[in-house]
Amino acid sequence: MNKIKIGLIVFLAVVALSCRTDAPDFRGIAELVKTKHSGHKVLIVGHSNTLLELLEAFGVSRPLAALSDDDYDFFFELRIDPKGKGELKTLHYGKTHRSSIMK
């Protein structure tokens, strides 16, 4: 297994453990990504009740006011420049389904 795959697996394990608590450390996760994984592609998988807060921790605005459990057609692509500023792109897949309100 190469270094990138091992790093990604370890990172996902950290995110999974951090989000299993009652008060996830979203800022800590964002800082970990920015410092330890700068310049790398990192996959973060979230749930409707944690994903928007995690995006905000990276310094970007919520693309939706809220997500519900039946919102399943979104991909959020977050790019962070060398200075740490984030740019968010909201993408969809499959049949469009919307119970959440777009901002």
According to a simple spin-label model (label point 7 Å from Cα along Cα-to-Cβ), what is the distance in nm between residue 37 and residue 91?
1.6 nm
Just to check I understand the Karplus step: with θ = phi - 60° and J = 6.51 cos²θ - 1.76 cosθ + 1.60, what whole-Hz values come out for the stretch 26-42, glycine and proline as x?
4, 5, x, 5, 4, 5, 4, 5, 5, 8, 8, 10, 4, x, 10, 8, 10
What ranking do 71-77, 24-30, 50-56, 39-45 get when scored by the average of other Cβ atoms within 10 Å per residue, highest first?
50-56, 24-30, 71-77, 39-45
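Laboratory data are not the source of any read-out in this text; all were calculated from the coordinates shown. Note that the structure is a prediction, hence the values are computed from the model and not measured. Glycine also receives a Cβ, built like all others from the backbone with ideal geometry; neighbour counts cover every protein chain displayed.
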